Amino acid sequence: MTPDRAFVVCALLAAPLLMGGSAPPKGADVQVIARLTRTYAVGPLMVTPQEVINDNRCPEHGDCPAPDRLRLRAVLDTPNGSLSRVLALGQRQTVAGGSLELADVRPAVPASGSIAPADYRFTLVFHPQA
């Protein structure tokens, strides 16, 4: 991790405390709403969603014979280094003493079927190991 990135990690982790908030209780799930190409503290991870690989979710108010699927490429900075991972909607991946889940994606797919990359919002949840 570069010195600049280390500073950003420390600043992001300290921000809630400096603004009068509190850190989540130890062992609690950590949930973040994320956008593409921005970095977020999600539990012990710094997560940067890079790109939507495919979005095969069913259109809103439409018929859909197959289950919803979305895959997102993300860079995860862990205490042990950086990893590139593909996150699938609704699936957990074991990492850094817990699991990371891409729990939800917004907006819903419109009937036209296209969403601008800047409009995506991803709910990322870190579930600490019990």
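Coordinate-derived values only; no laboratory data. For clarity, every value in this text was computed on a predicted model and none was experimentally measured. Backbone-built Cβ (ideal geometry, glycine too); neighbour counts: all protein chains shown.
Label-to-label distance, Arg71 versus Asn54, with points set 7 angstrom from Cα along the beta-carbon direction: 0.6 nm. In this structure the amide hydrogen of Val109, modeled in the peptide plane, comes within under 5 Å of the amide hydrogens of Glu60, none closer than 5 places in sequence on its chain. The ranking of Asp77, Asp29 by Cβ neighbour count inside 10 Å, starting from the fewest, reads Asp29, Asp77.
Extension gain for Val32 to Thr123 (0.36 nm times residue separation, less C-alpha to C-alpha distance): 32.2 nm. Across all C-alpha atoms in segment 40-129, the radius of gyration and Dmax reach 13.9, 44 Å.
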